[in-house]
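Report on the structure given below.
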Amino acid sequence: MSAEKGGTAVRIWDLPLRLFHWLLVLSISVGAATGFLAPAWWLGVHVWAGYAVGALIVFRLIWAAYGSEYSRVASFLFSPRETIAHLAGIVRGRSSGHLGHNPAGAVMIFGLAALVSTIVVTGFIVLGGQEKHGVLAGVVSYATGHAAREIHQVLAFALLALVAAHVAGVVVESRLESENLALAMLTGRKRLAAGRSAPKMRSSRPLAALVTLAIVAALATAGGATLAGMPPLGLRDLPPNPVYAKECGACHHAFHPSLLPAASWDGMMAHLDDHFGEDASLPEATRVALAAWLVANASETWDSEAANVFRRVSPDEPWRITATRYWKRRHQNIDPTVFTAKAVGGKANCNACHGDASSGRYDDQAIAIPKEKS
Amino acid sequence: MNKTILAAIVAALSILAVGPATAEPARDAILADLLLQAKTADGGFGGFAAERGKGFFLASPASGKPDTPSCTTCHTPSPQNTGKTRAGKEIKPMAVSANPARFTDPAEVEKWFGRNCNSVLGRDCTAAEKGDFITFMASQ
């Protein structure tokens with residue numbers, strides 16, 4: 001029971017709005033693909049998608065005030081009664097004949113906007129807290145970042161569901177209106193119902209929008225620069241310890257002291273004569289000095305991701321980083337022959353795959369499994 | 001102090017007796033010190049022998065820790081080879097010809113003999129065993 005359409009097509013969606021829509025589709029797709037599917041070292045791309053989505057949302061908020069008629073938020077604010085009436089119409093297969101966003105579409109827009117914004121914000125909290133990167137690295141603790149990650153993930157699934165509902169809604173409304181709404185979002189044009197004349201439409205105010213955008217961008221840049229200038233919370237540059245590097249780096253990579261808690265270092269350093277099945281004894285003065293240095297820089301004194309995840313040691317082997325649940329889980333998909341390959345040498349040679357192992361950061365983006373030389 | 005002077009004298013004597021051991025003063029001093037210890041332990045000790053050192057190196061006493069039955073577990077049976085620790089890190093060759101820096105730092109030599117002898121043999125190596133070992137590696 002679709003409304004009869006006349007021949008006249010009118011421009012409903014202005015160009016900036018259409019660009020916004022499709023760029024949002026693109027950046028959310030990239031964000032979802034890298035978030036759900038890509039390996040850890042794609043985090044950089046994922047984060048850029050997050051920046052893009054955030055910027056697009058800011059633009060859309062400004063355009064909601066200064067865009068042309070149907071971009072303005074005032075054009076799609078409906079009362080609950082109108083919304084219910086519209087939904088009832090859909091059930092009965094009737095189009096409500098809205099030219100711009102209809103009430104169901106408006107609900108979807110507000111839902112998507114709220115969800116996407118929260119995903120972006122929680123994403124930056126995760127990035128700052130867990131990875132100690134991005135604008136929030138200096139202010140968010142690991143624990144907060146970890147909690148935000150749970151929310152970020154749940155909301156990401158919710159977004160998938162909402163996007164599916166959005167597409168379904170577009171299909172249904174397109175049939176009811178006998179108008180390809182997706183195509184309309186590309187061309188900007190919709191045909192008028194027969195006998196209907198083009199409504200009065202306010203045009204956009206690009207200059208006002210541009211000025212607002214410039215002010216917001218300046219504020220964001222200044223704020224971002226201030227935040228980015230802060231040192232990452234709970235990370236520090238450890239002055240190199242040549243004695244440690246030599247003595248504890250002789251048989252394997254010299255592990256960063258943040259990778260085990262003080263109790264583990266203490267226990268290990270008290271039994272160097274039986275160190276994982278080997279005698280690794282040191283002259284007493286050296287042993288005491290290194291034990292003190294390890295304890296003073298143990299995981300308790302850091303808030304990096306690695307320090308947090310390896311703090312929960314295995315009860316059976318509290319001295320092994322590679323025995324922790326986290327280590328096993330994160331490395332379970334790596335073929336065992338990769339570890340024994342010549343270029344790696346063994347599980348304990350973290351630095352073969354983690355380019356930043358000596359700093360204790362263990363950044364996702366610093367991971368590269370070395371190619372075997374034949 | 002006294003010990004160093006004594007070691008120097010013994011070194012000089014041993015050069016006269018068996019010729020220059022390895023032509024590297026630092027290594028010779030280490031060997032001289034070991035020779036002194038060996039003679040103190042056994043008055044009739046007649047000097048280090050590369051052949052005995054080779055046997056010691058290749059043996060599998062397996063009287064120490066289970067994961068390290070022999071020196072060759074890590075150093076491989078050929079002194080020319082690059083070895084590998086149990087944790088997977090490379091060990092430069094032990095043969096002096098392949099790695100001239102070998103056995104030139106007395107503290108390092110003492111530390112590693114202390115560790116590796118305990119791991120492999122379950123006891124300290126004797127001065128004679130150490131000297132034979134270095135002599136063998138110096139001849140390689």
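Here are a few things to note about the model shown:
- Of all complete DSSP H helices in chain A, those with a Cα span along the helix axis of 30 Å or greater and a mean Kyte-Doolittle hydropathy of -0.5 or more are A:15-36, A:43-66, A:103-129, A:142-177, A:206-228.
- Computed from the C-beta positions of residue A:110 and residue A:168 and an R0 of 22 Å, the FRET efficiency is 0.80 to the nearest 0.05.
- DSSP loop GluC sites (Glu not before Pro) with at most 11 other Cβ within 10 Å: longest gap in chain A: A:5-371
- Qualifying trypsin sites (Lys or Arg not before Pro) for the range A:151-209 [loop in DSSP, other Cβ within 10 Å: at most 11]: A:200
- FRET efficiency, residue A:81 to residue B:123 (Cβ-Cβ, R0 60 Å, nearest 0.05): 0.05
- Inter-label distance, residue B:52 to residue A:322: 3.9 nm, where each label sits 7 Å from its Cα along the C-beta direction.
- Residue among A:109, A:151, A:215 with the largest mean-square fluctuation in a Gaussian network model of chain A, springs linking Cα atoms under 10 Å: A:215
- Shape of the protein assembly as shown from the C-alpha gyration tensor: prolate (a/c of 1.5 or more and a/b above b/c, with a ≥ b ≥ c the square roots of its eigenvalues).
- Order of A:174, A:79 under a 10 Å beta carbon neighbour criterion, fewest first: A:79, A:174
- Across the range A:54-130, the mean sequence separation of Cα contacts (distance under 8 Å, 6 or more residues apart), normalised by length, yields a relative contact order of 28 percent.
- Too-long pairs where the Cα-Cα distance tops 25 Å, listed order kept, from A:371/B:111; A:246/A:371; A:328/B:89; B:39/B:89: A:371/B:111; A:246/A:371; B:39/B:89
- Sequence-distant aspartates and glutamates (8 or more away, or on other chains) whose Cα lies within less than 17 Å of residue B:65: A:273, A:274, A:278, A:279, B:124
- For A:267-274, mean number of other protein chain Cβ atoms within 10 Å: 1
- Placing pseudo-labels 7 Å out from each Cα toward the beta carbon at residue B:107 and residue A:186 gives an inter-label distance of 7.5 nm.
- Förster radius 41 Å - calculated FRET efficiency between residue A:330 and residue A:8, Cβ distance, rounded to 0.05: 0.10
- Over chain A, relative contact order from alpha-carbon pairs under 8 Å, at least 6 apart, %: 18
Each reported figure results from applying straightforward, stated rules to the coordinates on display, with no laboratory input. Just so it is clear, the model here is predicted, and its values are computed rather than measured. Heads up, the Cβs are rebuilt from the backbone with ideal geometry, glycines too, and the neighbour counts pull from every protein chain shown.
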